Amino acid sequence: MMKHEITFKPSGKKTAVSPGTTVLAASRRAGAPIPTRCGGKMGCLMCKIEVDDQAKEQLSPPSEAESRKLGSLIHTGIRLACQSKIEGTVTVTIPEDKLKAAIRKQLEAARQRDQEDLW
């Protein structure tokens, strides 16, 4: 059986999976964890991923239930990793956790200040 490669941004981690594998399962295999609380049952909405137009073609179309859960987000390139099945070579983006993003920005600002202090 032919395998499809999936790449996760921003980590760049990749894995090859059988067609029909969910993005959530592939992320675990690749070591690029996507947060979830419900174990992939579409209950927590934590496993959102970002897909561009090219990626949309390589994933299963959203089910009516997924579309209903995501509402207008579905039109902005957001999918649920637990519901998106891989149908071709694809790259998806795992959005950065809001808290981690805030901490990273603070650390970068502190580093910048330290650099300026050296001059």
Only sites in a loop by DSSP and with at most 12 other Cβ atoms within 10 Å count here; which trypsin sites (Lys or Arg not before Pro) in the stretch 1-64 make the cut? Arg37, Lys41
Three principal axis extents, largest first, for the C-alpha atoms of the chain, in Å? 58, 32, 26
Can you spot the lysines whose alpha carbon is less than 30 Å from Lys41's alpha carbon? Ignore those fewer than 8 places along the same chain. Lys3, Lys9, Lys13, Lys14, Lys56, Lys69, Lys85, Lys98, Lys100
What residues have an amide H closer than 5 Å to that of Thr21, excluding those fewer than 5 places away on the same chain, when H is modeled at 1.01 Å from N in the peptide plane? Ile86
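FYI, it's all coordinate maths here, none of it is from the lab. Predicted, not measured: the structure shown is a model, and the values here were computed from it. Glycine also receives a Cβ, built like all others from the backbone with ideal geometry; neighbour counts cover every protein chain displayed.
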